[in-house]
Amino acid sequence: MSSPTTAGWFGPFGGRYVAETLVAALDELEAAWRDARADGAFLHELDRLLSTYVGRPTPLYHAERLSDDVARTAGRRAGTIRVWLKREDLAHTGAHKINNTIGQVLLARRMGKPRVIAETGAGQHGVATATACALFGLRCEVFMGELDVARQAPNVLRMELLGAQVHPVRAGSRTLKDAMNEALRDWVTHVRTTHYCVGSVAGPHPYPSLVRELQSVIGREARAQLFAATGRSPDAVVACVGGGSNAMGIFATFVDDPGSSAVRLFGVEAAGHGIDTNEHAATLSRGSVGVLHGAKSYVLQDEDGQILEAHSISAGLDYPGVGPEHSFLRDSGRARYLAVTDSDALAAFSSLARTEGILCALETAHAIAALPRIVAELPERHEGLDVLVSLSGRGDKDLATVRDWRERTGAAS
Amino acid sequence: MTSRLRAAFDRARAENRAALVVYLCGGDPDLATTPALLDAIARAGADVIELGIPFSDPTADGPVIQEASARARKAGATARGVLDALASWRRSKSPHADRPVVVFGYYNPILRMGDAAFARAARNAGADGLLVVDLPPEEAGTLADACEAEAMDLVPLLAPTSSDARIALAGTRARGFVYYVSTAGVTGAGGVDFDAAAARARTISDRLHLPVAVGFGVSSPDDARRVAAHADGVVVGSAVVRAIAGGDAAGAPARVAQLVRDLRGACGRA
Ligand SMILES: Cc1ncc(COP(=O)(O)O)c(C=O)c1O
């Protein structure tokens, strides 16, 4: 806990638990970022790309039929709940991940690193990294668990079409955790020429802060858009949590503003087959403090300190760790974390499709599924409650998983 | 009190050779074989033994040690189990059972037990030091305190990417020796320039007035000879693990002893 600077710590969480070989690269990255964010030309280039290439600002959409559905399920009167969807699914490549990769790949170019590597679970971060690398002409290699290569096949093809090389990882759980292990091994081996583009607010300092800052555009935009539409702040903000980047992206502006302490923040993790089974990814609900992938945070682990395999139907949430700032927000009580099962997420996927005409990512479906429970916790308000939800990504990548699920369960809806 | 690790390096130096440091993964192939392997390695002439605690996510290791760690975990090895195996060897009547041992691993199993509790358990089992691959000095404060309280060394790592400032930082609390990672990479790496690594280790040793051992990628007596020409110590890991895994458990002590004897023969200086 005794870092020379307090940078990199969120209360007792965070830090840099990495091999000595990587410390110099983390220092280099931190210095490059400090430099870049004080450089008007860099920030201008980032803004220009976010608007002309990524398609920002993404819309904020008042989902009326979903709102009524949520109100009914929560036992509230129709019209007393307004759900606002921040449409990150409409960003280029179909998820929030591109906000981070454009920034980091610009930074890689600035540092003179010709090669970029990434880990990916759902494949959205891999696609977003491959896209940014194609845009700047950098070499891109992506590590992806073998299980995820199979269940997110469309994204594997997309990465390859974008010129990236995808390395299937066969070790351990064959999912996101092991993909990140392999990316760290590659980085330590090629550290002088390679930038490691971490895909969430996880990993050693400076990644949790860097990715948070690059994703914070989500919340800044949404807050201004909601204010323009209603003249007020949201009563609650909701996002799914894998590593936690779309959630930190939409939370950050409210966390940083002492005047927003009444805005309630909710993160939704994957409960897999249920948090009372041992097949889930509910790190903040069921985990304990540990060190994984370079940071101290909550992790799923056994008595011996071995990391457990997580489970979720959604590859992007199937991770036994979580970004350190979420651990801090959990313990300080600033944010609350819930968990949603595979089957509830699938049901929410279908209901969002039918009520709003939006096929969301299975990750995002966890946030949608939690809305009735969250609303039921909020005090009633005569003029109605505004609930801001991060619609982190679109569902094209998940169609095969959804089809298999429907066949297996005989679900009609 | 002088560190037993430091004394092992001093003895090798007095004999005009580099100290031989041998790594094995505790519990591979099973915990019952670990004391016999420790004894065979000590008897064959290792000056210091690094006893690995298996971990689910060994991000600093190449495939050979990753697989050893997975085999050990599958066979039921835990941190406590590995420490118990060390204690059982220490209690044995073997004339070699006093050889210095460094417990080697990743931080999470230590944090899980608690820094102070782990240090005490390691000391009670007979460890002389700890080496934690994912715990740079900035994060090592409480564990360094715990080791000091137990009169154990916390062995720091340095790498080709370490700045002069970091070399000085690593030296501030080290007493036994410093582990120099020969190359930017994972354990078992190939294509290492051992002459350059050994020369770098010499420079660090002169600056810190501490013995420096070079590891990562040393796999043959020939590699060991090149490292031993300049460095205070030679660390061999993956090659030892491969010898242990290269046949049945009963034959593992004999296989590893042969390799360790050959390596030890290569540690002398002309
Ligand atoms: C659409 C979508 N949402 C959420 C996530 C989870 O990541 P994070 O918690 O970092 O937002 C992913 C990860 O792949 C994703 O693709």
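Tally the DSSP beta bridges in the range A:262-407 and give the antiparallel ones as a percent, rounded to 5. List each step's numbers first, then the result.
Working: 9 of 16 bridges.
Beta bridges within the range A:262-407, antiparallel portion: roughly 55 percent.
Compute the distance in nm between two label points, each set 7 Å from the Cα along the Cα-to-Cβ direction, one at B:A168 and one at A:T73.
Distance between the two pseudo-spin positions: 6.0 nm.
Based on a Kirkwood Rh over C-alpha pairs, give the Stokes-Einstein translational diffusion coefficient of chain A at 10 °C and viscosity 1.306 mPa s in µm²/s. Don't jump to the answer; show the numbers that get you there.
Working: Rh = 21.0 Å.
Here the translational diffusion coefficient equals 76 µm²/s.
Mind jotting down the three principal axis lengths of the range A:89-137 based on Cα atoms? Whole angstrom, largest first.
31, 19, 14
Can you tell me the length gained on complete extension of the stretch B:R261 to B:A7, counting 0.36 nm per residue apart and subtracting the Cα distance?
Working: separation 254, 0.36 × 254 = 91.44 nm, distance 2.09 nm.
Difference between extended and current length: 89.3 nm.
Please list, short to long, the whole-number percent of alpha-carbon pairs of the range B:1-108 in consecutive 10 angstrom bins beginning at zero.
15, 44, 31, 10, 0
If you take each beta carbon of peptide A:305-312 and count the beta carbons of other chains within 10 angstrom, what is the mean?
Working: counts 15, 11, 6, 1, 1, 0, 0, 0.
Taking the mean over all residues of the peptide, I get 4.
Would you list, by chain and number, the lysines whose Cα falls below 27 Å from the Cα of A:K113, excluding same-chain residues fewer than 8 positions away?
Straight-distance partners of A:K113: A:K97, A:K177.
Determine by what factor the alpha-carbon radius of gyration of the range A:278-376 differs from 2.2 N^0.38 Å, reporting the quotient.
On the way: Rg = 14.6 Å, N = 99, 2.2 N^0.38 = 12.6 Å.
Normalised Rg, Cα atoms only: 1.16.
Once both labels are modelled 7 Å past Cα along the beta-carbon direction, what's the A:E377-A:R139 spacing in nm?
Roughly 4.7 nm, to one decimal.
Helix-derived [θ] at 222 nm for the protein assembly as shown: sum -39500 (n - 2.57) over DSSP H runs of at least 4, divide by residue count, nearest 500?
Values: 29 runs with 309 residues, N = 683.
Mean residue ellipticity at 222 nm (helix-derived): -13500 deg cm²/dmol.
Tell me, what is the percent relative contact order of the range A:208-352, built from C-alpha pairs under 8 Å that lie six or more residues apart?
Numbers: 274 pairs, mean separation 34.0, N = 145.
It comes to 23 percent, rounded to a whole number.
Give or take rounding to whole Å, what are the principal axis extents of the alpha carbon atoms in the range B:4-265, in descending order?
If we take the Cα atoms of the range B:4-265, the spans are 44, 40, 34 Å.
As an exercise, identify the GluC sites (Glu not before Pro) in the range A:323-380 lying in DSSP coil whose Cβ has no more than 11 other Cβ atoms within 10 Å. Intermediate values should be presented prior to the final figure.
On the way: sites: A:E325, A:E356, A:E363, A:E377, A:E380; in loops: A:E380.
Filter output for the range A:323-380: A:E380.
Place a +1 charge on the Cβ of each Lys and Arg in the protein assembly as shown and a -1 charge on the Cβ of each Asp and Glu, then give the dipole magnitude about the Cα centre in debye, rounded to the nearest 20. Numbers along the way, then the final one.
On the way: 73 positive and 78 negative charges, 96 e Å.
Result for the protein assembly as shown is approximately 460 debye, rounded to the nearest 20.
Do any trypsin sites (Lys or Arg not before Pro) in the range A:206-267 lie in a DSSP loop with no more than 16 other beta carbon atoms within 10 Å, and if so, which? Intermediate results must be reported in sequence, preceding the final value.
Values: sites: A:R212, A:R220, A:R223, A:R232, A:R264; in loops: A:R232.
Taking the range A:206-267 and a limit of 16 other Cβ atoms within 10 Å, the loop trypsin sites (Lys or Arg not before Pro) found are A:R232.
What is the calculated FRET efficiency for A:D404 to A:L157, with r their C-beta to C-beta distance and R₀ = 25 Å, to the nearest 0.05?
Working: r = 18 Å, r/R0 = 0.74.
The computed FRET efficiency comes out at 0.85.
Report the trypsin sites (Lys or Arg not before Pro) located in the range A:1-100 that are in a DSSP loop and have at most 16 other Cβ atoms inside 10 Å of their Cβ, or state none. Walk me through the numbers before you get to the answer.
Details: sites: A:R16, A:R34, A:R37, A:R48, A:R65, A:R72, A:R76, A:R77, A:R82, A:K86, A:R87, A:K97; in loops: A:R16, A:R37, A:R76, A:R77.
Taking the range A:1-100 and a limit of 16 other Cβ atoms within 10 Å, the loop trypsin sites (Lys or Arg not before Pro) found are A:R37, A:R77.
Could you point to the residue in A:A122, A:L22, A:A91 farthest towards the positive end of the range A:1-137's charge dipole, with +1 and -1 charges on the Cβ of Lys/Arg and Asp/Glu respectively?
About the Cα centre, the residue reaching furthest to the positive side is A:A91.
Could you tell me the largest-minus-smallest coordinate of the C-alpha atoms of the range A:62-177 on each of the three principal axes, in descending order and whole angstroms?
Result, largest extent first: 56, 34, 22 Å.
Could you work out how far the C-alpha centroid of the range A:348-413 sits from that of the range A:184-215, in angstrom?
30 Å
Using alpha-carbon pairs under 8 Å, 6+ residues apart, how would you state the relative contact order of the range B:1-63 in percent?
Numbers: 53 pairs, mean separation 22.8, N = 63.
Value for the range B:1-63: 36 percent.
In nm, to one decimal, how far is the modelled label at A:R115 from the one at B:A151, with both set 7 Å along Cα→Cβ?
Inter-label distance under the simple model: 4.9 nm.
Compute the whole-percent fraction of alpha carbon pairs in the range A:207-284 spaced more than 19 Å apart. If you can, show how the numbers build up before the last one.
On the way: 1265 of 3003 pairs.
Counting every Cα pair in the range A:207-284, those more than 19 Å apart make up 42 percent.
Of all DSSP beta bridges in the protein assembly as shown, what percent run antiparallel (nearest 5)? Mind dumping the intermediate values first?
Values: 17 of 81 bridges.
Counting DSSP beta bridges with both partners in the protein assembly as shown, the antiparallel share is about 20 percent.
Each reported figure results from applying straightforward, stated rules to the coordinates on display, with no laboratory input. Not measured: the values here are computed from a predicted model. No Cβ is skipped: glycine too gets one built from the backbone with ideal geometry, and neighbour counts run over all protein chains shown.
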